[in-house]
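As structure tokens, the structure follows; a few thoughts come after it.
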Amino acid sequence: MDSPLEHTFDDATLLPVTEPEELARLLRPILADLPGGRSVVVLVSDSSEEPWGVEWLYTRYDGRMLVNLTNYGKDSVTVRIEGLLTEGRVDLLTTESVGETLTVDPLATYFLAADVE
């Protein structure tokens, strides 16, 4: 315990110790540059910022993209989802259609399915 690592990472990027929101801002471009990038991105509806506290995971299945979206924040946030066609977009939990924007309430989960752009 409390001993130095035996191995080092030659090309590691050291990030400063900071607040979680700042750390997320620093990590987003690094994650976007990874091989494969990100096919689906959730943004605050009236900006180009990713919403704080909203988590999403996605996968392709049977020719469609499935997106699990949850708001772990304290406030509702209206988002737009890039990488999915709006036409035919549906929340599989409620079977309701989802338009260009979606208001995500605190601790609410959505399971979206849509064709890929």
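No lab work stands behind these numbers, since they all come straight from the coordinates. Predicted model only: the values in this text are computed from it and were never measured. Glycine also receives a Cβ, built like all others from the backbone with ideal geometry; neighbour counts cover every protein chain displayed.
Taking the chain as a Gaussian network of alpha-carbon nodes connected by springs under 10 Å, the highest mean-square fluctuation of the residues 21, 55, 82 belongs to 21.
Ordering 41, 79, 90 by the number of other Cβ atoms within 10 Å of each residue's own Cβ, fewest first, gives 90, 41, 79.
Candidates 47, 66, 76 compared by Cα position along the dipole of the stretch 29-85: farthest toward the positive end lies 66, with charges placed on Cβ. When only Cα pairs below 8 angstrom with a gap of at least 6 residues are kept, the chain shows a relative contact order of 23 percent. Under a model in which nothing but the beta-carbon of Lys, Arg (+1) and Asp, Glu (-1) is charged, the stretch 26-117 shows a dipole of about 240 debye around its Cα centre.
Computed per residue of the chain from DSSP H runs no shorter than four, each worth -39500 (n - 2.57), the mean residue ellipticity at 222 nm is -3500 deg cm²/dmol.
For the stretch 19-117, the list of chymotrypsin sites (Phe, Trp or Tyr not before Pro) that fall in a loop by DSSP and count at most 13 other C-beta atoms within 10 angstrom reads 72. Positive-end ranking of 14, 57, 85 along the dipole of the chain, with charges on Cβ about the Cα centre, is headed by 85.
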